[in-house]
Each structure stands twice: as C-alpha cells, then as structure tokens.
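Just below is one structure, and these are the notes that go with it.
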Amino acid sequence: RAIENLVFVEGGSFDMGDFGAPCEVPSGTISRMDWSPDAECLSSPGSQMTGADHLHQVTLDAYSIAKFETRFIDMEWMRQINGLPVAKENIQDGSIVKRNSERYQWLLENRKDHPASAKTWQEAKDYCLWVGQISAIPFNLPTEAQWEYAARSRGKKYYFATNTGYLQLSEGYYLDPETNYYIEYTEDEVN
C-alpha cells in the first residue's frame, strides 16, 4: 500500500517559508485567500516564532511522496512482524495494549484506517526504512522542504494544501469578492 500511495513530484525551485498574506482578506474569510505580490502581513502569527518568516529559495530534485498518511494497520503490521509492541500502545490509564486483548481487537476494528500513532520521529523513520527494505525501493521521511513543496502544488503560493488552494468544508459557501455574492459549492467540491 505504501508503494501504491506514492505520488511523483517533479523537482523545481520555490520560495520556502511564509510568503505573506493580504492584511485585509477581500473575501472576508481566511478560507478563500489569494496571494498577491502586495501581501504585507504574515499568513500565520506563529511564523516569527518558528522561523518560517525567513523566506528563502529552495531547489529540489524530483521525488515521490505518499498522498495519504501511514495508517495504524500499516504501522501495526511492521511492528508485529518485528516483535515490537502495539503502535498505539499507551491508553489513558498508562497501561499497555496486548495483542490478544479486547482493546487490541477494538483498535483493529475501529482505528485501522486512522493515521498511525508514532510517539517519536525515530518510529516513523524506522517504518520508512522497513518499507524500503522489504520493497527494495528507497523510502524515507520527507524533508520539510519536500512536504511544503508538495503541499503547495509544487511551490505555488497556496494557503491550504487542498486540490484548489482554498479550504472548502462540508455544507459550506464562500463570499466572492468580485461579485460580493455568497457562492455555495456541492459536496463533490469539498476538499
């Protein structure tokens, strides 16, 4: 499944970091922001604290990245094959989930398609190395630059990592700043 979920990303150059945002959003909602070269504000208040306000050019070679997060069941297969404890082992009272327990059965039935729970960076890295070992295809965690480049459709100045660059939620609508009318969108347009 890890191989099937890979998406090829053609390499290129882009400005990595907070590329700015309009101080007054014309649509009246941050869900419908369009970038312009006149953007004078940061797109996130946390950009200065994280260093993302330092915009810099990055060039990447072509690579592949997973289009979905690794699922609980995928990580669990790796952990079980390698004799490691259950991926989502710690529950609220601090006890450890045993593979022959009711809690484990519940996880398999209800959480198998949820994102994998890795407590450390190394656990996620170990999963990538394992997939690479069994598939003979080099796998690794994406760098921050690779993730941002892919999430922004090859470095475009998109504020949301969606198929349109806008955040369109279920049963929603947005204000079109040019017509000043609210536009409804259908369920199949939700991203």
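Any read-out appearing in this document is the output of simple, stated calculations on the displayed coordinates, not a laboratory observation. The structure displayed is predicted, hence computed values, not measured ones. A quick note on method: Cβ atoms are made from the backbone with ideal geometry, for glycine too, and the neighbour counts reach across all protein chains shown.
Annotations
- For Gly172, nonlocal amide neighbours, meaning residues 5 or more places apart or on other chains whose placed amide H falls under 5 Å from its own, are Tyr185.
- Per-pair calculated FRET efficiency, R0 = 45 Å: Glu178 and Arg1 via Cβ, rounded to 0.05: 0.55
- Three-way shape label, the chain, alpha-carbon gyration tensor, a/c 1.5: prolate
- Counting only DSSP H runs of at least 4 residues, each contributing -39500 (n - 2.57), and dividing by the residue count of the chain, the helix-based mean residue ellipticity at 222 nm comes to -7000 deg cm²/dmol.
- Structural descriptor for the chain: relative contact order 23 percent, calculated from alpha carbon pairs under 8 angstrom and at least 6 residues apart.
- Hz values of 3J(HN,Hα) by residue in the range 183-189 - Karplus curve (6.51, -1.76, 1.60), Gly and Pro given as x: 10, 8, 10, 8, 4, 6, 8
- Between Thr70 and Ala116, the built amide H atoms are under 5 Å apart, and every one of these is 5 or more places off in sequence or on another chain.
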